[in-house]
Amino acid sequence: MSIRPYIVGNWKMHGTRAMLAEARAIDRAAERLLKVEVALAPPFTLIHATRKEANLIAIGAQDVHPADGGAHTGDVSAAMVKDAGAGFTIVGHSERRADHQETDAIVKEKADAAIDAGMNVIVCVGETEAERDSGKAEDVVTGQLAGSLPTGEAVVEKVTVAYEPVWAIGTGRTPTVEDIGAMHRKIREKLVSIYGEEGASVRILYGGSVKPENAAELLAADEVGGALVGGASLTAESFLGIIMASAEAQEEKS
(Lines give C-alpha, C1' and ligand atoms only; values in the text may rest on other atoms or scores of the structure.)
Protein backbone atom coordinates (compact mmCIF):
# COMPACT_ATOMS: atom_id res chain seq x y z
CA MET A 1 0.00 0.00 0.00
CA SER A 2 1.25 3.48 -0.81
CA ILE A 3 -0.36 5.06 2.28
CA ARG A 4 2.21 6.22 4.82
CA PRO A 5 2.55 4.04 7.93
CA TYR A 6 0.72 5.47 10.93
CA ILE A 7 2.57 5.22 14.26
CA VAL A 8 0.45 6.27 17.23
CA GLY A 9 1.70 6.61 20.79
CA ASN A 10 -0.85 5.97 23.54
CA TRP A 11 0.43 7.43 26.80
CA LYS A 12 -2.44 5.88 28.78
CA MET A 13 -2.56 7.15 32.39
CA HIS A 14 0.96 8.54 32.29
CA GLY A 15 2.19 12.07 31.90
CA THR A 16 2.60 15.42 33.57
CA ARG A 17 3.89 18.63 32.03
CA ALA A 18 7.43 17.34 32.52
CA MET A 19 6.77 14.89 29.67
CA LEU A 20 6.18 17.69 27.19
CA ALA A 21 9.92 17.59 26.51
CA GLU A 22 9.44 14.08 25.09
CA ALA A 23 6.62 15.32 22.86
CA ARG A 24 8.81 18.17 21.58
CA ALA A 25 11.64 15.75 20.76
CA ILE A 26 9.25 13.43 18.90
CA ASP A 27 7.81 16.37 16.99
CA ARG A 28 11.24 17.65 15.92
CA ALA A 29 12.29 14.22 14.72
CA ALA A 30 9.06 13.78 12.77
CA GLU A 31 10.13 16.65 10.52
CA ARG A 32 12.92 14.40 9.21
CA LEU A 33 10.79 11.27 8.91
CA LEU A 34 8.27 12.30 6.29
CA LYS A 35 7.60 8.73 5.16
CA VAL A 36 5.77 8.04 8.43
CA GLU A 37 2.68 9.69 9.93
CA VAL A 38 3.19 10.14 13.66
CA ALA A 39 0.63 10.79 16.40
CA LEU A 40 0.41 10.97 20.17
CA ALA A 41 -2.58 10.41 22.46
CA PRO A 42 -1.66 11.95 25.83
CA PRO A 43 -4.05 12.01 28.81
CA PHE A 44 -6.86 14.57 28.69
CA THR A 45 -4.89 16.92 30.96
CA LEU A 46 -2.07 17.27 28.42
CA ILE A 47 -3.92 17.48 25.10
CA HIS A 48 -3.90 21.27 24.91
CA ALA A 49 -0.33 21.64 26.12
CA THR A 50 0.94 18.90 23.80
CA ARG A 51 -0.80 20.48 20.82
CA LYS A 52 0.97 23.78 21.58
CA GLU A 53 4.36 22.08 21.87
CA ALA A 54 4.07 19.67 18.92
CA ASN A 55 3.02 21.17 15.60
CA LEU A 56 4.06 18.52 13.09
CA ILE A 57 2.49 15.41 14.55
CA ALA A 58 -1.16 14.60 15.17
CA ILE A 59 -2.49 14.90 18.72
CA GLY A 60 -5.48 12.92 19.89
CA ALA A 61 -7.47 11.69 22.87
CA GLN A 62 -7.56 8.24 24.43
CA ASP A 63 -11.35 8.15 24.72
CA VAL A 64 -14.51 10.26 24.47
CA HIS A 65 -18.02 10.06 25.88
CA PRO A 66 -20.77 9.36 23.32
CA ALA A 67 -22.91 12.31 24.46
CA ASP A 68 -22.32 15.90 23.36
CA GLY A 69 -22.60 17.10 26.95
CA GLY A 70 -24.72 16.83 30.07
CA ALA A 71 -24.73 15.28 33.51
CA HIS A 72 -21.80 12.90 33.07
CA THR A 73 -19.41 13.75 35.89
CA GLY A 74 -15.81 12.96 35.07
CA ASP A 75 -16.41 12.31 31.38
CA VAL A 76 -15.24 14.33 28.39
CA SER A 77 -17.06 14.77 25.08
CA ALA A 78 -15.61 14.67 21.58
CA ALA A 79 -16.33 18.37 21.15
CA MET A 80 -14.34 19.11 24.32
CA VAL A 81 -11.23 17.20 23.30
CA LYS A 82 -11.41 18.69 19.82
CA ASP A 83 -11.56 22.16 21.37
CA ALA A 84 -8.47 21.25 23.41
CA GLY A 85 -6.58 20.42 20.20
CA ALA A 86 -7.28 16.75 19.51
CA GLY A 87 -7.76 15.71 15.90
CA PHE A 88 -8.58 12.07 16.60
CA THR A 89 -9.55 9.76 19.41
CA ILE A 90 -8.94 6.14 20.29
CA VAL A 91 -12.12 4.18 21.08
CA GLY A 92 -12.66 0.62 22.25
CA HIS A 93 -9.20 0.04 23.69
CA SER A 94 -9.13 -3.31 25.46
CA GLU A 95 -8.48 -1.60 28.77
CA ARG A 96 -11.67 0.43 28.32
CA ARG A 97 -13.61 -2.65 27.28
CA ALA A 98 -12.37 -4.60 30.31
CA ASP A 99 -12.09 -1.96 33.04
CA HIS A 100 -15.26 -0.05 32.11
CA GLN A 101 -17.30 -2.90 30.62
CA GLU A 102 -17.62 -1.11 27.28
CA THR A 103 -19.62 -3.08 24.73
CA ASP A 104 -19.28 -2.92 20.97
CA ALA A 105 -22.44 -0.79 20.90
CA ILE A 106 -20.90 1.78 23.25
CA VAL A 107 -17.69 1.84 21.22
CA LYS A 108 -19.71 2.50 18.07
CA GLU A 109 -21.60 5.34 19.77
CA LYS A 110 -18.29 6.91 20.75
CA ALA A 111 -16.88 6.51 17.24
CA ASP A 112 -20.00 8.05 15.72
CA ALA A 113 -19.87 10.95 18.20
CA ALA A 114 -16.22 11.65 17.39
CA ILE A 115 -16.85 11.67 13.65
CA ASP A 116 -19.89 13.91 14.10
CA ALA A 117 -17.59 16.30 15.97
CA GLY A 118 -15.20 16.36 13.01
CA MET A 119 -12.56 14.03 14.39
CA ASN A 120 -10.92 10.84 13.13
CA VAL A 121 -11.14 7.61 15.11
CA ILE A 122 -8.94 4.62 15.87
CA VAL A 123 -11.22 1.68 16.65
CA CYS A 124 -9.50 -1.03 18.70
CA VAL A 125 -10.32 -4.74 18.50
CA GLY A 126 -8.63 -7.83 19.86
CA GLU A 127 -9.09 -11.21 21.51
CA THR A 128 -8.13 -12.52 24.94
CA GLU A 129 -5.74 -15.41 25.44
CA ALA A 130 -8.63 -17.75 26.27
CA GLU A 131 -10.45 -16.75 23.09
CA ARG A 132 -7.37 -17.41 20.99
CA ASP A 133 -6.61 -20.72 22.66
CA SER A 134 -10.19 -21.86 22.04
CA GLY A 135 -9.92 -21.05 18.32
CA LYS A 136 -12.35 -18.14 18.48
CA ALA A 137 -9.92 -15.28 17.82
CA GLU A 138 -11.05 -14.44 14.28
CA ASP A 139 -14.73 -14.69 15.15
CA VAL A 140 -14.25 -12.43 18.17
CA VAL A 141 -12.32 -9.79 16.23
CA THR A 142 -14.62 -9.72 13.21
CA GLY A 143 -17.60 -9.57 15.55
CA GLN A 144 -16.10 -6.58 17.34
CA LEU A 145 -15.55 -4.87 14.01
CA ALA A 146 -19.15 -5.45 12.94
CA GLY A 147 -20.45 -4.01 16.21
CA SER A 148 -17.95 -1.19 16.79
CA LEU A 149 -17.21 0.48 13.47
CA PRO A 150 -18.93 3.78 12.68
CA THR A 151 -21.36 3.82 9.79
CA GLY A 152 -22.84 6.42 7.50
CA GLU A 153 -21.71 8.47 4.55
CA ALA A 154 -18.07 9.58 4.20
CA VAL A 155 -16.86 7.87 7.38
CA VAL A 156 -14.31 5.48 5.89
CA GLU A 157 -11.62 8.12 5.37
CA LYS A 158 -11.87 9.00 9.08
CA VAL A 159 -11.44 5.44 10.36
CA THR A 160 -8.35 3.50 11.38
CA VAL A 161 -8.53 0.04 12.96
CA ALA A 162 -6.05 -1.15 15.59
CA TYR A 163 -5.68 -4.88 16.23
CA GLU A 164 -4.35 -5.49 19.71
CA PRO A 165 -4.36 -9.05 21.03
CA VAL A 166 -5.27 -8.46 24.67
CA TRP A 167 -2.81 -11.05 25.91
CA ALA A 168 0.10 -9.21 24.27
CA ILE A 169 -0.53 -5.73 25.71
CA GLY A 170 2.14 -4.79 28.21
CA THR A 171 3.14 -8.42 28.75
CA GLY A 172 6.20 -8.59 26.54
CA ARG A 173 4.54 -11.41 24.61
CA THR A 174 3.81 -10.99 20.92
CA PRO A 175 2.08 -13.17 18.33
CA THR A 176 4.14 -14.53 15.49
CA VAL A 177 4.42 -12.45 12.34
CA GLU A 178 2.39 -15.10 10.58
CA ASP A 179 -0.39 -14.85 13.17
CA ILE A 180 -0.43 -11.06 12.89
CA GLY A 181 -0.57 -11.21 9.10
CA ALA A 182 -3.38 -13.76 9.18
CA MET A 183 -5.49 -11.65 11.53
CA HIS A 184 -4.85 -8.46 9.61
CA ARG A 185 -5.93 -10.18 6.39
CA LYS A 186 -9.11 -11.30 8.12
CA ILE A 187 -9.71 -7.74 9.34
CA ARG A 188 -9.18 -6.44 5.81
CA GLU A 189 -11.70 -8.94 4.50
CA LYS A 190 -14.23 -7.78 7.09
CA LEU A 191 -13.59 -4.10 6.37
CA VAL A 192 -14.32 -4.67 2.69
CA SER A 193 -17.49 -6.56 3.55
CA ILE A 194 -18.66 -3.66 5.74
CA TYR A 195 -17.49 -0.66 3.70
CA GLY A 196 -17.23 -2.10 0.22
CA GLU A 197 -14.21 -1.28 -1.92
CA GLU A 198 -13.39 1.68 0.32
CA GLY A 199 -12.59 -0.78 3.08
CA ALA A 200 -9.39 -1.65 1.24
CA SER A 201 -7.97 1.78 2.09
CA VAL A 202 -8.52 1.69 5.86
CA ARG A 203 -5.23 1.44 7.72
CA ILE A 204 -4.89 -1.44 10.15
CA LEU A 205 -2.46 -0.89 13.01
CA TYR A 206 -0.89 -3.57 15.18
CA GLY A 207 -0.69 -2.98 18.92
CA GLY A 208 0.76 -5.22 21.60
CA SER A 209 4.24 -4.95 23.13
CA VAL A 210 5.67 -3.12 20.11
CA LYS A 211 9.28 -2.12 20.83
CA PRO A 212 12.21 -0.79 18.79
CA GLU A 213 13.70 -4.30 18.85
CA ASN A 214 10.72 -6.01 17.20
CA ALA A 215 9.06 -3.15 15.31
CA ALA A 216 10.64 -3.77 11.90
CA GLU A 217 9.59 -7.42 11.88
CA LEU A 218 6.04 -6.72 13.08
CA LEU A 219 5.48 -3.81 10.72
CA ALA A 220 6.59 -5.88 7.75
CA ALA A 221 3.70 -8.31 8.30
CA ASP A 222 0.98 -8.50 5.68
CA GLU A 223 -1.65 -5.70 5.85
CA VAL A 224 0.03 -3.97 8.80
CA GLY A 225 -0.25 -0.23 8.18
CA GLY A 226 1.35 1.03 11.37
CA ALA A 227 1.40 0.53 15.12
CA LEU A 228 -0.47 1.57 18.25
CA VAL A 229 2.31 1.85 20.81
CA GLY A 230 1.88 1.92 24.58
CA GLY A 231 4.79 1.97 27.01
CA ALA A 232 7.45 2.39 24.32
CA SER A 233 5.92 5.75 23.34
CA LEU A 234 6.61 7.36 26.71
CA THR A 235 10.15 8.37 25.78
CA ALA A 236 11.28 9.94 22.55
CA GLU A 237 14.23 7.55 22.29
CA SER A 238 12.18 4.35 22.25
CA PHE A 239 9.27 5.79 20.25
CA LEU A 240 11.58 7.17 17.57
CA GLY A 241 13.21 3.76 17.29
CA ILE A 242 9.82 2.35 16.31
CA ILE A 243 9.14 5.21 13.91
CA MET A 244 12.45 4.69 12.15
CA ALA A 245 11.83 0.95 11.94
CA SER A 246 8.47 1.73 10.35
CA ALA A 247 10.14 3.92 7.74
CA GLU A 248 12.55 1.12 6.91
CA ALA A 249 9.74 -1.43 6.70
CA GLN A 250 7.85 0.86 4.34
CA GLU A 251 10.87 1.12 2.04
CA GLU A 252 11.13 -2.67 1.92
CA LYS A 253 7.44 -3.03 1.09
CA SER A 254 7.51 -0.43 -1.69
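The values are calculated or read from the model by the stated rules, or taken from the named source; none is laboratory data. On a predicted model such as this, the values are computed, not experimentally measured, just so you know. Don't worry about glycine lacking a Cβ; one is built from the backbone with ideal geometry, like all the others, and counts go over all protein chains shown. Note: areas computed on protein heavy atoms with side chains; ligands, DNA, RNA excluded. Shrake-Rupley method; radii C 1.70, N 1.55, O 1.52, S 1.80 Å.
Below 8 Å, C-alpha to C-alpha, sequence gap of six or more: please give me the relative contact order for the chain in percent.
20
How large is the dipole of the chain about the Cα centre if only Lys and Arg carry +1 and Asp and Glu carry -1, each at its Cβ, rounded to the nearest 20 debye? Could you put the intermediate results ahead of the total?
Numbers: 25 positive and 38 negative charges, 135 e Å.
Computed charge dipole of the chain: roughly 640 debye.
So how much slack lies between Leu56 and Ser193, counting 0.36 nm per residue of separation and subtracting their Cα-Cα distance, in nm?
Working it through step by step, the gained length comes to 45.9 nm.
Whenever you get a sec, compute what percent of the accessible area on segment 83-240 sits on carbon and sulfur atoms (1.4 Å probe).
47
Determine the distance separating the Cα centre of segment 51-122 from the Cα centre of segment 179-230; give it in Å without decimals.
After rounding, the separation between the Cα centres reads 21 Å.
Given the DSSP H assignment, sum -39500 (n - 2.57) over each helix run of at least 4 residues in the chain and divide by its residue total; what's the result at 222 nm in deg cm²/dmol, nearest 500?
-12000 deg cm²/dmol
Treating only the Cβ of Lys, Arg, Asp and Glu as charged (+1, +1, -1, -1), what charge dipole size does segment 25-119 show about its Cα centre? Round to the nearest 20 debye.
400
What does segment 1-103 give for Rg and for Dmax, in Å, if only its C-alpha atoms count?
Spelled out, the Cα radius of gyration and Dmax of segment 1-103 are 14.4, 45 Å.
Towards the positive end of the charge dipole of the chain, with charges on Cβ (+1 Lys, Arg; -1 Asp, Glu), say which of Ala236, Ala200, Gln62 has the farthest Cα.
Projecting each Cα onto the dipole axis, the largest value belongs to Ala236.
So what does log10 I(q)/I(0) come out to for the chain at q = 0.08, 0.11, 0.13 Å⁻¹, using the Debye formula with one equal point on every Cα and no solvent?
-0.27, -0.53, -0.75
Calculate the radius of gyration of the Cα atoms of segment 78-158 to one decimal place, then report Dmax, the largest Cα-Cα distance, as a whole number, both in Å.
For segment 78-158, the Cα radius of gyration and maximum Cα-Cα distance read 13.6, 44 Å.
So what is the relative contact order for segment 185-254, in percent, with contacts set as C-alpha pairs under 8 Å and at least six apart?
Worked out over segment 185-254, it gives 30 percent.
List the relative contact order of segment 61-101 as a percent without decimals, with contacts defined as Cα pairs under 8 Å and 6+ residues apart.
For segment 61-101, the relative contact order is 43 percent.
What distance in nm separates the two pseudo spin-label positions at Asp83 and Ala67, each 7 Å out from Cα along the beta-carbon direction?
Modelled inter-label distance: 1.6 nm.
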